[in-house]
1. Within region 310-317, is there a residue that is surrounded by fewer than 20 Cβ atoms within 10 Å (Cβ to Cβ), out of contact with any Leu (no Cβ under 9 Å at 6 or more places or on another chain) and of a type in the set (S, T, N, Q)?
2. It is to be established whether one or more residues within region 151-169 are in a helix (DSSP H, G or I), in contact with a Leu (Cβ under 6 Å, 6 or more places away or on another chain), under 29 Å from Asp346 (Cα atoms) and not aromatic (Phe, Trp, Tyr).
3. Quick one: would you say Asn239 is on the phi < 0 side of the Ramachandran plot and surrounded by 15 or more Cβ atoms within 10 Å (Cβ to Cβ)?
4. Mind listing whichever residues of region 185-215 are under 20 Å from Asp155 (Cα atoms), open to solvent by 60 Å² or more (accessible area, probe 1.4 Å) and of a type in the set (Val, Ile, Thr)?
5. Take Ala265 and tell me if it is open to solvent by 30 Å² or more (accessible area, probe 1.4 Å) and at pLDDT 95 or above.
6. Can you confirm whether region 334-351 contains a residue that is closer than 24 Å to Pro214 by Cβ and open to solvent by less than 40 Å² (accessible area, probe 1.4 Å)?
7. What are the residue pairs meeting all of these: first residue in region 278-299, first residue at positive phi, second residue assigned to a loop (DSSP other than H, G, I, E, B) and open to solvent by less than 80 Å² (accessible area, probe 1.4 Å), Cβ atoms under 9 Å, and 6 or more apart or on different chains?
8. Among the residues of region 42-67, which ones are surrounded by fewer than 24 Cβ atoms within 10 Å (Cβ to Cβ), part of a helix (DSSP H, G or I) and more than 27 Å from the chain's Cα centre (by Cα)?
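The values are calculated or read from the model by the stated rules, or taken from the named source; none is laboratory data. Computed from a predicted model, the values in this text were never measured in an experiment. All Cβ positions, glycine included, derive from the backbone under ideal geometry; neighbour counts span all protein chains shown. All accessible areas refer to the heavy atoms of the entire protein, side chains included, with ligands and DNA or RNA removed. Shrake-Rupley method; radii C 1.70, N 1.55, O 1.52, S 1.80 Å.
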Amino acid sequence: MATSSAETRFRITATLTCVLAATLMLGACSAQTPGGDTAPTSASDTDACKRNQDAGTITYISGYGYSASAGQLDVFLAEELGYFDDLCLDVEINASGANGQQLVASGQAQFTALGSASDVMLAAANSKNLTAVATYGTTPPFSIFGNEKLESLTDLEGGSLGYFINLTPIASAMLDEAGVDVSKVEMVKMTNYDPTVVVREQVDAIVGYASNQPQSLKAQGLPFSEFLPSDLGVEGTYNVMEVNSRFLDEHREVAADFMRASLKALQYCLDESDACIDTLAKLAEDNNQGAAFPRDQLARTWEVESAWVRESAGGNPGVQNESMWEPEYALVKKYGGVKDLPAIADMMDADLVADLYDGDTLTWPAK
């Protein structure tokens, strides 16, 4: 994100729409997929196809544009590979990056992805119509990177620390664990995502995304320092998929099939990284966002974030449980400034994605 994902915070406007033709016959659901699987053909599966069609258009908001991040690139790829079509889902992808949570909470969209569970928790304090259905990792995506002169975070005292939107609970915990007196640090709200500002000493450090800005500095061969949450024993999560709670209640099986298709595409991207990134880069280019999401940048981001998916304590991609959120929940209560934080169980559905797997295998309609 979630996220690297910092470049994904750019606000862009591009909407991809895949609408099933009005004359679509139920039998069309038996089309061959790129992976060699086929969609439902039995009577019961024909009913499932009609059920998914009857749910109407499902709108996904990509809050971070064409980011090579779990919960985002997999949705784009599920559309491109025909997995949504295979399950008779009419999915519209809005890559504008604007107000994803608000649109989903209001029912104007159905799905969106966020950078971490703390983003979900902070929003849950103000909205009762959002449910997390997938968490893609247990590695916090944030890092604090800065000028190479910084030997420890305490060196920020008397200096400046940049941040985007807000100082995340993870970053606050890192500073606390390092023993930083934050009253002695000038906090600067950043207006652009250029990581070289730390090299040029415009700010001493920035709270950024480990999969993005630091990787860009490495690629340019520029010297810098970096501090990760794990260096300080701070735990958290990576990227969360949220759904409109009312939609989930009324169309649970449809929501499950949306996740089934996107998770199939996620596995494709884990297995075929180069082909996946090629497709994503072309989509960005075709929608006039190639400059914001160049292929080399997408590849660097996915190389880091795909490892976070593989290493998730949840096991299979997207599977979540309350224990994964507990460390970050404690941080949000301490640093998030939220008075009435809902219980974790009230913010997530731990079964929807877990039930899509048979052992380690994502279930998919048989040939």
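1. For region 310-317, residues surrounded by fewer than 20 Cβ atoms within 10 Å (Cβ to Cβ), out of contact with any Leu (no Cβ under 9 Å at 6 or more places or on another chain) and of a type in the set (S, T, N, Q): absent.
2. yes
3. Considered against the rule, which asks whether it is on the phi < 0 side of the Ramachandran plot and surrounded by 15 or more Cβ atoms within 10 Å (Cβ to Cβ), Asn239 comes out as no.
4. none
5. Working: open to solvent by 30 Å² or more (accessible area, probe 1.4 Å): no; at pLDDT 95 or above: yes.
Against the criterion (open to solvent by 30 Å² or more (accessible area, probe 1.4 Å) and at pLDDT 95 or above), Ala265 does not qualify.
6. Looking through region 334-351, none of the residues is closer than 24 Å to Pro214 by Cβ and open to solvent by less than 40 Å² (accessible area, probe 1.4 Å).
7. Filtered contacts from region 278-299: Asn288/Ile12; Asn288/Ala14.
8. Result: Ala43, Ser44, Asp45, Thr46, Asp47, Ala48, Lys50, Arg51, Asp54.
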